[in-house]
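Please read the structure below before turning to the comments.
Readers should treat all values here as calculations from the given coordinates under stated rules, not as data from a laboratory. Because the structure is predicted, anything quoted here is derived from the model rather than measured. Backbone-built Cβ (ideal geometry, glycine too); neighbour counts: all protein chains shown.
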Amino acid sequence: MTAMLEVRGVTKSFGGVVAVDHCTFSVAAGSLTGLIGPNGSGKTTLFNVITGYLPSDSGEIRLDGRLIRKPDPTWLYRQGVARTFQNARIFPELTLRENLALAIPAGWRMLLNIAISRADRERIDEALEIFGLSPLADHRAGELSYGQSRLLEFATTLMGRPRLVLLDEPTAGVNPIMIEILENHIRRLHETGVTVLLVEHRLEILMRLCETVIVLDQGALIAEGPPERVRRDPKVLDAYLGA
Ligand SMILES: Nc1ncnc2c1ncn2[C@@H]1O[C@H](COP(=O)(O)OP(=O)(O)OP(=O)(O)O)[C@@H](O)[C@H]1O
Ligand SMILES: [Mg+2]
């Protein structure tokens, strides 16, 4: 299978801390790949490097086989790479509709009370509908529960019609019902052909969703394979139990 994303020997240090240590792996086009590792093992830093929020010290990132010389978040978003953050990033003072509008090219017009196109309006309504947020469309995002704000962030991420989505612990701190809802949205996203890289601590969720799981420990990749195999890998058990 062709790789949508290739990470080759990527290293990123903060002072003396090697957060990501010569990481090499690929994410197949159309796959749903899990990324796990103990707290502080470098998962978020890796996401930040891949999506251009942090420069790497060394290594290569390729998208569709093309070397990305200087990853830049805005440019990558236009290339179809979208992500969520470990703590939902939404604008609490803006309505749900406005939050979604800001994720599409001319959507900022809505904030100035300038009409946006009918197609864009319909897209926003559709996203609200899919994520069950229509009744709250004109409420401020700050009024949402934590789980709902994660849903809104997820919906926002999809407004740019991405091909590759990186999700950083979308279900962390969310109640069991909302976990199931988020899980179904992740599954659906994958079924529509979008490639997904998912940071998730709960192995049972990864067992249900992923064919492949990548495991980081202290910045280094220590295991890669089907979740059933990875969970029995002695190196993985050591990393978790020894942490
Ligand atoms: N901006 C930063 N400045 C300094 N050190 C950082 C910075 N970001 C991350 N680190 C350090 O890099 C290491 C990896 O952190 P990172 O947040 O990537 O881990 P993580 O696997 O996402 O952890 P968690 O599961 O807690 O989210 C940690 O030692 C962390 O303290
Ligand atoms: Mg993290």
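For the chain, just list the percent of Cα-Cα distances falling in each 10 Å bin from zero outward, please.
It works out to 7, 31, 35, 20, 6, 1, in whole percents.
Just subtract the alpha-carbon distance of residue 237 and residue 129 from 0.36 nm times their residue separation and send over the number in nm, one decimal.
Full-extension gain reported as 34.7 nm.
When 12, 70, 43 are ordered from fewest to most other Cβ atoms inside 10 Å of their Cβ, what list results?
Arranged by neighbour count, lowest to highest, 12, 70, 43 become 70, 12, 43.
Roughly how tilted is helix 146-158, in degrees to the nearest 10 and between 0 and 90, from the longest Cα axis of the chain?
With rounding to tens, the tilt is 90 degrees.
Compute the helix-to-body angle for 176-191: its Cα long axis versus the longest principal axis of the chain, expressed 0 to 90° and rounded to tens.
80
Using Cα-only point scatterers and the Debye equation, what is log10 of I(q)/I(0) for region 91-161 at each q in 0.14 Å⁻¹, rounded to two decimals?
Cα-only, vacuum Debye calculation for region 91-161: -0.35.
In region 19-98, which chymotrypsin sites (Phe, Trp or Tyr not before Pro) are in a loop and have at most 12 other Cβ atoms within 10 Å, using DSSP for the loop call?
Details: sites: 25, 47, 53, 75, 77, 85; in loops: 53, 85.
The qualifying sites: there are none.
Would you mind ranking 122, 6, 60 so that the residue whose beta carbon has the fewest other beta carbons within 10 Å leads the list?
122, 60, 6
Show which aspartates and glutamates lie in cross-link reach of residue 70 when reach means a straight Cα distance below 16 angstrom and same-chain residues fewer than eight apart are skipped.
In chain and number order, the partners are 6, 57, 60.
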